Amino acid sequence: MSDSDIVQDFLVESYENLDRLDRELVGLEKNPQDRDALGSVFRTIHTIKGTCGFLGFNKLEKVAHVGENLLTRLRDGQLTLNQELTTALLSMVDAVRQMLGSIEASGAEGERDDTKLIATLTRLQQLPEAPAKSRSTPVPDAAIEAAAAPSSIGDILMQQAGVTSAEIQRAAQTQKEGDPRRLGEILVEQGAVRPADIVDALRVQSSRAHAAASDSTVRVDVGLLDRVMNLVGELVLARNQILQLANRTKDTSFSAVSQRLNLITTELQAGVMKTRMQPIGNVWGQFPRTVRDVALGCGKEVGIEMEGQETELDKTIIEAIKDPLTHLVRNSVDHGIELPEDRVSVGKSRSGRLILRAFHEGGQVNIEISDDGAGLNVERIRKKAVERGLITAEQSARMPEREIFNLIFLPGFSTAEKVTNVSGRGVGMDVVKTNVEKIGGTVDVQSFLGRGTTVRVKIPLTLAIIPALVVTCGGDRYAIPQVSLLELVRLKADRVSKGIELVHGAPVYRLRGRLLPLVYLSRELKLAARRSDTKSDGAINIVVVQADERRFGLVVDQINDTEEIVVKPLRKQLKTVKTFAGSSIMGDGKVALILDVLGLAQRASVVTETRDRSLTEKVTDSSTTVEKQTFLLFAGPGDSRMAIPLSTLARLEEFPVAQVEMSGSQWVTQYRGQILPLIRLSVVLEERRNKLRALQAPPTLDSRPIQVLVLQHEGRSFGLVVERILDIVEDRADVRSPATRAAVLYSVVIGDRVTELLNIPAILRSVDVSAVRPGPVPRATEVAN
């Protein structure tokens, strides 16, 4: 083995040891009596110091040596670990880490001056000693070594050097009587063994301690794993091509061989993927140190809890989320959790809680960073965003609470009163969102004032090989990642015109009582239809997907099948196009683009709409439970703004003028085998003396189709003719005032604007539709199979 290989192994092992040191020192600060952890810290520093001397890194050896001396007094019970000692030892760890980085980059330790650090560590060794109880029961090195090794020094000496049990017991008794020397030194002085025997025993003990780990594990270069992964990806592509060829041939022997190849490739792919998977605890291991440092700098008391550390992710994903998660943790401690005095004043404990949680769900990994701090102040965020020019005052007034919270991810946004070394510059959260979305993940914030904040990060398991749904549109094939896929819907030709409705000009489909916005892939990508490649039966295929917790339907020409595809990065010419997340080579050798569902939703303005909400939703705050309700908004006479509860709406329709007829003095139309009475809203709201004349007027309308709300009330159906449909929104509508005219129930504030809520029973009473009693109108919620 060359010198460079020895140095490389030393760097890899030392980095692993230093990461463990951070965790163990922070844990020791809370539990100074943990002798096993203290012994582990001592052995780690001792190993680094010894190897540094062997390799000639003198500066590194000096720092590690003075740290080892301090740890010796702690180990022997002469000192008790406190905050000052922990901070000094962590500073030593940071100095060692920086010198290791310099060695890795240039082969030298760098021009560091650690005089001050060495002086601090030396001074701390002279602090007043611990209470007598701690000094009276020193823990000898032999005990620590015996606890860590599978066989103690005494056992090895008895096996290899012929030392008797009585000699070992006499040496141990000498240690108990206060002799600070090690067991081997006492045995040499007593003449029981030679110094060479002690050296051989220590070598055997070390080899036994590492035998189990070295026999079951092997270090592999990450670059080699990446090359193997690329080769497996190419093998998967070749497998797909052979399977397609096997499906077209009748040769049974060839089909059997292809199936065998498919099985082996699948198992090989799973095995290689497993070699790249790492527990997320590898990233979380640094967070106890991060929380301690930030809390100490802010004068706060914060405890960290971690759940799901064994959750595994691809190594590339772990590397990508390391910095975003670190920033979120620092932000929670700095912004979220209050000062101890402020927490006590509102009835909380002095110490705040930060909880990290990770779990698998729906083929993705969910990571939650929760704190029990003050929570986000909606009005403060709104005000800061307007002050910084990130949004206008009108936009802020219309934005729901969830979108206000997500303003913290905008570049340049910060609510900090002053700039510190932790926060206040308005950079970081936008980078968090950008980096997470770059790997196909999402970030969302939920907060309750006075109770705390939770940031949820959803990320894919891997970026190399993913299951996807292959669709065809405009003659080209596209892949939709399966993690974004919810369900598939097919509308037969005779259901298309009745199933797809228009709300304010936007197509929607009512799926099980919820309005689903529709996005036509061919329109968004500006694809020219190729009749030879698409079916002409008139049916519509809808792929229901989810982006940023909003559902929408993607209308495509044809749905093919699900496949495991190998993700290939886009060339630099296409990287700025948000609609595509990558490409893949299909079984026939042709390229298919992978759709970026979130980018497609943003392009189609779906993620900023409120159409995809549940009909009613209960939102709980700290004091009360207010029921949200979904309303259909439309323009009334005189440019007024009116609404009805969406639950009373059966369908939205547009009727040509020629389809409107008169039945006595009542406007009617033939609708689904029934006679549907039409009530003109402009007539209902007119004064009484003009109403009769308006009712008897024939339907002299312009050439534009009339917009009709098909409503149901007490088993009766009728159509309400309105000026213009505006939108469907969701709000609490808890601010009310008395009605100012007939047929209006009361005025409410919906979307921060005064809106008149119609009184449906009063409208029916004001217009005589008793002569026309059609049956109920069926809702368009069924899906043709």
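Using only side-chain charges placed at the Cβ, +1 for Lys and Arg and -1 for Asp and Glu, the dipole size of segment 279-460 relative to its Cα centre rounds to 400 debye. Cross-link pairs exceeding 19 Å in C-alpha to C-alpha distance, out of K383/K578; K300/K348; K315/K590; K116/K300, comprise K383/K578; K315/K590; K116/K300.
When V272, V483, V754 are compared by accessible area of protein heavy atoms, the largest-first order is V754, V483, V272, using a 1.4 Å probe. Going by accessible surface with a 1.4 Å probe and the largest first, I168, I369, I6 read I6, I168, I369.
Backbone amide hydrogens, once placed in the peptide plane, bring L79 within less than 5 Å of L74, A130, excluding anything fewer than 5 places away on its chain.
Distant-in-sequence amide contacts of L632, defined by a placed amide H-H separation under 5 Å and a gap of 5 or more residues or a different chain, comprise I644, L646. Considering only alpha-carbon pairs that sit under 8 angstrom and 6 or more positions apart, the relative contact order computed for segment 222-276 is 48 percent.
The residue list V386, G373, P340 was ranked by how far each Cα lies along the charge dipole of segment 332-390 toward its positive end, using unit charges on Cβ atoms, and V386 comes out on top. 3J(HN,Hα) couplings calculated from phi for segment 482-487 with the Karplus curve 6.51 cos²θ - 1.76 cosθ + 1.60 (θ = phi - 60°) are, in sequence order, 5, 5, 9, 8, 10, 6 Hz; Gly and Pro show x.
Each of the peptides 22-31, 332-341 was scored by the mean count of other Cβ atoms within 10 Å over its residues; in descending order, highest first, they stand as 332-341, 22-31. Projected onto its three principal axes, the C-alpha set of segment 222-276 covers 43, 15, 10 Å, listed from the longest axis down.
In a simple Cβ point-charge model (Lys, Arg +1; Asp, Glu -1; nothing else charged), segment 222-276 has a dipole of about 80 debye relative to its Cα centre.
The values are calculated or read from the model by the stated rules, or taken from the named source; none is laboratory data. Only a predicted model underlies this, so the values are computations on that prediction, with no experimental measurement involved. Reconstructed Cβ throughout: ideal geometry from the backbone, glycine too, with neighbour counts over all protein chains shown. Surface accessibility is based on the protein's heavy atoms, side chains included, excluding ligands, DNA and RNA. Shrake-Rupley method; radii C 1.70, N 1.55, O 1.52, S 1.80 Å.
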